[in-house]
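This report concerns only the one structure given below.
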Amino acid sequence: MNEQKRSKWSGQLAFVLAAAASAIGLGNLWRFPYLAAQYGGGTFIAVYLILVVTLGFALMVTEIAVGRKTRQAPLTAYSKLNGKWGFIGFLATLIPVLIVPYYCVIGGWVIKYFVTYVHMVFTGATPMGAGAAASDRFFECFISSNFAPFGYGTIFILICASVIVMGVKNGIEKSNMVMMPVLFILALAISLYVVLLPGSGAGLKYYLVPSMDALAGADGGFSFARLAKTLLGAMGQMFYSLSLAMGIMITYGSYMRKEDSIERCVRRIEIFDTIIAIIAGLMIIPVVHMFAVKTGTPVKTAMNAGPGLMFITLPKVFATLGQAGAWLGMAFFGLVIFAALTSAISLYEACVASACDLLGIGRKAATFFMGALILFLSTFSALGYGAWGDIRILPGVLSADGLQFLDFFDFITNSLFMPVVALATCIGVGWIMKPKVIIEEVESHGTSFKAKRIYVFFVKYFAPVLMTLLLVSEVCRALNIGGWAI
Ligand code: PFF
């Protein structure tokens, strides 16, 4: 697509909002709180913040600059920059193609929970059980049923497709203008409500105050392995949350105006994303802490719920709050739907833009073609806990029996492809094409690049070393070498 015809954001605010909308998603609301809970709250947050302003900053500046310079989506952007580097573009395009189907299935789960809470609020029904215990079964029954997860996932995909087909300005920009403010207001209101609940203090302290206990090993003393795991957990989360190494920021950067400051935009995107992640913890961790104390569950056990924290533990917590809990559940899952939608739209858009740039087809055709592919691939994740539950992939990797489809797609993208793309990008930009290419783009139109020197250090040395560590640790974790499992 040529420079004149290519869509553009209407301004800097629209770009920041779109990139923040992409970044703020299930990663903030579902993944960050359970990781923070698992790794001891404040300590994890401190490590995470350092990584966001260093590694995250360098990678996001690089990706946005590559997109804006080449005016291409990832599939063709890297090869335009350097003929030999086209394979990173291929990998970076494959990532959203593999992520968006399972992300939409999880989006479908969120719609199901929202609908259930609406039902509870307006009819007084208690489909999750009046008591807490029933919600384990509720989640399991739902994800293992034959049609419902696929049906809800399809609704989610259709909503995304209807926004994308309307284009960058009329679809993505306009929908963000509605969804993002609602998301912020709901997040603030819910977290305020939770923080003001009597008895929330202990959970708040656990969440926000860094403690050396979090870094203690089995013998109670400082454990270097625990620190390394916290660092690597935070690094993986940073990639996920900032939508890095998956072609999105390249795609969104390709619609950016030359006169806007990449550096300033990146800082703002990081601030928005981090604030929402921290607020998500404020919404969840104090109530889970209170719940643990109330029911006599050890705090560590409640906090270690992992991925089930949002779908299993939280509904149990809401169930203990009576009718207020039903309202809270409705508001919370409504907010999660918006966050998940805006992120899924950005993943889907990365796929659509690559199809348009490579094949020279129009947006409508690309949206339809990609939608069909996403729907097809989502079937595996949707049925993977139900009708196709017996099928397992890669036995011996992460678990002896092998992985369910959704976990498999999550594993190959987040644990393997994303660190590889990030590492290859840093080596390509830092050592082969040289950081000058990116710096020139950031400074085009006379915009200053204040963190220029430190950027060069990050992209040439700091990032490649950390990325290599992340990749090695992920492979060791998958193959259960050296006790990396958390
Ligand atoms: N950054 C978004 C989130 O935090 O949910 C989008 C996203 C990133 C989705 C990475 C999925 C993924 F693997």
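The values are calculated or read from the model by the stated rules, or taken from the named source; none is laboratory data. What you see is a predicted model; the values in this text were computed from it and never measured. Here the Cβ positions follow ideal geometry from the backbone for every residue, glycine too, while neighbour counts run over all protein chains shown. Surface accessibility is based on the protein's heavy atoms, side chains included, excluding ligands, DNA and RNA. Shrake-Rupley method; radii C 1.70, N 1.55, O 1.52, S 1.80 Å.
Points to keep in mind about this one:
- From the largest down, the range 1-133 spans 61, 39, 30 angstrom on the principal axes of its Cα atoms.
- Local electrostatic count at Pro181 - Lys and Arg +1, Asp and Glu -1, tallied over other residues with Cβ under 14 Å: 0
- The distance linking the range 1-51 with the range 436-486 is 17 Å (Cα centroid to Cα centroid, whole angstrom).
- Taking every Cα-Cα distance in the range 65-136 and sorting them into 5 Å bins starting at zero, the pair-distance distribution P(r) comes out as 3, 14, 13, 12, 9, 7, 7, 7, 7, 8, 7, 3, 1 percent.
- Sparse packing (at most 16 other Cβ atoms within 10 Å of the Cβ) combined with a DSSP loop state is found for the following trypsin sites (Lys or Arg not before Pro) in the range 176-284: Arg257, Lys258.
- Note on Met238: accessible area approximately 0 square angstrom, rounded to 10, probe 1.4 Å, nucleic acids and ligands left out.
- Spatial separation of Cα centroids for the range 402-418 and the range 324-365, in angstrom: 20 Å
- Three-way shape call for the range 180-249 based on the alpha-carbon gyration tensor, with the a/c threshold at 1.5: oblate
- Around Gly428: net Lys/Arg minus Asp/Glu count, Cβ-Cβ under 15 Å: +4
- For the range 57-192, Kirkwood radius (reciprocal of mean inverse C-alpha pair distance, Å): 18.5 Å
- Part-to-part distance (alpha-carbon centres) for the range 60-88 and the range 262-284, which is given in Å: 26 Å
- Counting all C-alpha pairs of the range 335-383, share separated by more than 18 Å (%): 38 percent
- Taking the Kirkwood radius as Rh and the Cα radius of gyration as Rg, the range 349-442 has a ratio of Rg/Rh equal to 1.13.
- Those lysines that a straight Cα-Cα span of less than 16 Å connects to Lys460, excepting residues fewer than 8 apart in one chain: Lys434, Lys436, Lys452
- Gained length - Asn170 relative to Leu13, 0.36 nm times residue gap less alpha-carbon distance: 55.0 nm
- Accessible area of the chain divided out per residue, in Å², using a probe of 1.4 angstrom: 38 Å²
- Kirkwood estimate for the chain, i.e. one over the average of 1/r between Cα atoms, Å: 22.8 Å
- Ordering of 414-421, 208-215, 330-337 by packing [mean C-beta count within 10 Å, highest first]: 330-337, 414-421, 208-215
- Partners for Lys364 among aspartates and glutamates (Cα-Cα distance below 13 Å; same-chain residues under 8 apart left out): Glu349
- The ratio of the alpha-carbon radius of gyration of the range 439-482 to the globular-protein estimate 2.2 N^0.38 Å is 1.78.
- Normalised contact order of the chain, rounded percent, pairs of Cα under 8 Å and 6 or more residues apart: 32 percent
- Label-to-label distance, Ala400 versus Tyr461, with points set 7 angstrom from Cα along the beta-carbon direction: 4.6 nm.
- Sulfur and carbon atoms: percent of accessible area, the chain [1.4 Å]: 69 percent
- Residues of the range 212-237 with amide N under 15 Å of a point placed 7 Å along Cα→Cβ from Val299: 212-216
- Neighbourhood net charge (12 Å Cβ-Cβ; Lys/Arg +1, Asp/Glu -1) for Ile438: +1
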